[in-house]
1. Identify all residues within the range A:131-155 that are within 27 Å of A:ILE189 (Cα to Cα) and without any contact (Cβ under 8 Å) to a residue 12 or more places away in the chain; write none if there are none.
2. Say whether the condition of being assigned to a helix (DSSP H, G or I), in contact with an Asp or Glu (Cβ under 7 Å, 6 or more places away or on another chain), at pLDDT 85 or above and buried (at least 18 other Cβ atoms within 10 Å of the Cβ) is met by at least one residue in the range A:112-121.
3. Take the range B:31-69 and flag every residue that is surrounded by 11 or more Cβ atoms within 10 Å (Cβ to Cβ) and within 9 Å of chain A (Cβ to nearest Cβ).
4. Name every residue in the range A:106-152 that is under 29 Å from B:LEU109 (Cα atoms) and within 7 Å of chain B (Cβ to nearest Cβ), in order of residue number.
5. Before we move on, is B:LEU116 of a type in the set (A, V, I, L, M) and either touching a Lys or Arg at 6+ places or on another chain (Cβ under 9 Å) or more than 30 Å from B:MET190 (Cα to Cα) (or both)?
6. Give all pairs with beta carbons closer than 9 Å in which a residue from the range A:66-77 that is on the phi > 0 side of the Ramachandran plot meets a residue that is at pLDDT below 90 and not small (Gly, Ala, Ser); count only pairs at least 6 apart in sequence or on separate chains.
7. Give me the pairs, please: first residue somewhere in the range B:206-221 and at the interface with chain A (Cβ under 9 Å from one of its Cβ atoms), second residue anywhere and of a type in the set (Lys, Arg), beta-carbon distance under 8 Å, and either six or more positions apart or on two chains.
8. Tell me whether the range A:178-186 contains one or more residues that are surrounded by fewer than 21 Cβ atoms within 10 Å (Cβ to Cβ), away from every other protein chain (no Cβ under 11 Å) and part of a helix (DSSP H, G or I).
Amino acid sequence: MNVLLDNLSLFREGFIGTLELTGASALVAMVLGVIIAGFRVSPVPPLRIFGTLWVTLLRNTPLTLLFLVAFFVVPKVLFPDLDSFLLAVAACGFYTSAFVAEAVRSGINTVPLGQAEAARSIGMTFTQTMRLIVLPQATRTVVPPLSSIFIALTKNTAIAGAFNNVDLFNVSKTLSNDGYDIAVIFIWITLAYLIVTYAINGLFRLLEHRLEVAR
Amino acid sequence: MSASVLFDAPGPKARVRNIIYTVVGSAALLGGIAWVILRLNEKGEFDPALWDIFNYAGIRQNILEALLATLKVFALAGVFSLVFAVVLCVARLSDHRPVRWFAVVFIDLFRSIPLLITIFALWVGILGTMSPFWALVVGLTIYNGCVQAEVLRAGVNAVPKGQKEAAYAIGLRKSQVLTLVLFPQAIRSMLPTIISQLVVTLKDTSLGFMILYPELLHSARLIANNTPVNGVYPFVQTVAVFGAIYIGLCLVLSWLATWIEKRGRKAKTGIKVAHAEEPAASDVAPAPGAPVVSAADPRGETIVTDKAPGKDN
């Protein structure tokens with residue numbers, strides 16, 4: 001109990017750090033993921049190839065490797081002075097975007113064929129078909145996998161804690177170095193993660209419920 | 001829905017537009033790549049001397065040892081996690097309520113803790129002193145065991161009910177029904193998902209980096225730090241080489257999963273084989289308390305529209 005009370009501000013900082021990392025990376029992943037999914041089904045071959053490459057490469061790369069690239073290669077070669085939060089968000093966001101893209105693409109696949117055919121037959125273009133007909137319907141099937149993807153993202157942000165970011169992992173490391181019992185730290189950190197993951201789960205359940213339509 | 005339903009066969013105008021998009025798209029992509037290459041060149045990262053380090057026998061030896069260290073953890077964790085998964089899955093399907101509840105809580109708990117934190121706690125000594133190697137193996141086993149257990153359970157649940165009833169009807173005992181009838185079919189249908197999860201296990205061995213286990217990424221960093229060439233530390237080069245090794249290993253395993261899935265799809269008998277590339281099979285722990293790995297559902301709802309065009313519901 002003392003571990004928590006003595007270091008309440010540290011825990012709070014770590015908890016908020018994890019939330020911030022998760023939120024920012026989720027935003028990046030969502031935007032990129034939808035765009036990449038669009039690329040993968042688009043009529044333009046180079047974009048399709050790019051989308052496929054993006055997904056295949058990122059899904060088969062360990063996140064730790066991406067962090068190494070973000071923290072040792074990017075500052076050295078491309079952008080010298082980005083802070084560690086932005087770099088961590090980029091690494092987590094890019095990694096997760098590949099999973100989001102796959103979820104969105106399989107969501108697009110579940111929209112009945114006739115919908116797109118009808119849209120085309122009344123003269124809609126690819127962008128219109130996607131924006132007005134397919135994506136709104138795909139949203140419904142995409143929500144449950146997205147929930148697990150964002151929960152995984154929450155857990156993945158722990159790696160950012162090892163790279164100069166203040167988050168729950170970083171807090172557990174600091175406290176362990178201060179000589180507190182790891183078992184007690186572990187219990188509190190676990191509880192914090194459970195709160196975040198259950199919150200995300202509940203939020204998405206709610207969303208799923210709102211979007212539910214008899215088909 | 002395949003991509004081609006989303007747009008018409010291009011007419012003359014669309015063809016011109018598509019060509020323009022193609023040119024603009026390729027130009028943007030090539031431009032991006034060219035910019036990165038130019039920057040790399042500007043910083044002198046293509047200096048042959050920096051790449052020459054991979055010709056040293058010592059460095060090659062280091063790479064080989066790191067690769068073996070990674071594969072050793074992967075092999076042990078892979079085998080242990082599968083065994084653990086079977087145990088957990090049996091417990092999860094048990095008729096005895098306390099056993100079932102224990103399994104549910106255990107699985108849900110360890111799937112929602114970041115693996116890194118589990119490994120770190122094991123390393124620091126939550127269960128007594130542990131070398132980085134065993135901390136990594138045990139951490140990976142617990143986490144992946146939980147995920148694989150849920151995969152197996154989804155597979156068992158997907159076996160048609162008649163199979164179980166028939167097995168009981170000819171007088172098999174509970175353990176026989178599970179080992180002779182349910183598990184073989186579940187494992188067969190879930191093999192692609194299981195292998196995809198093994199890819200995740202392989203990727204997660206890289207977390208050993210954080211607890212100083214000498215696996216691939218750790219030795220990449222050591223090499224980069226210890227082999228300065230003319231005062232430049234070869235980070236870009238080592239990351240490129242080690243990244244290629246990692247991606248290569250994972251791609252091989254992923255292809256194996258896809259190949260097995262395709263082979264299973266062709267087979268006329270048995271229940272449907274799960275998708276190899278479903279999101280739930282990735283490192284995604286399905287939501288705590290959520291109804292199984294729904295995306296890994298072997299009934300393959302998502303491909304129905306693919307195969308039966310024109311069948312709207």
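The values are calculated or read from the model by the stated rules, or taken from the named source; none is laboratory data. These numbers come from a predicted model, not from an experiment. We place every Cβ from the backbone using ideal geometry, glycine too, and count neighbours over all the protein chains shown.
1. First, the residues of the range A:131-155 that are within 27 Å of A:ILE189 (Cα to Cα): A:144-155.
Correct list: A:SER148 only.
2. No.
3. Once the filter is applied, which keeps residues that are surrounded by 11 or more Cβ atoms within 10 Å (Cβ to Cβ) and within 9 Å of chain A (Cβ to nearest Cβ), the range B:31-69 yields B:TRP35, B:VAL36, B:ARG39, B:LEU40, B:LYS43, B:GLU45.
4. Scanning the range A:106-152 gives A:SER106, A:PRO144, A:PRO145, A:SER147, A:SER148, A:ILE149, A:ILE151, A:ALA152.
5. Values: of a type in the set (A, V, I, L, M): yes; either touching a Lys or Arg at 6+ places or on another chain (Cβ under 9 Å) or more than 30 Å from B:MET190 (Cα to Cα) (or both): yes.
Here the answer is yes, as B:LEU116 does meet what is asked.
6. Partner pairs satisfying both residue conditions: none exist.
7. These pairs meet every condition: B:PHE209/B:ARG221.
8. Scanning the range A:178-186 turns up no residue that is surrounded by fewer than 21 Cβ atoms within 10 Å (Cβ to Cβ), away from every other protein chain (no Cβ under 11 Å) and part of a helix (DSSP H, G or I).
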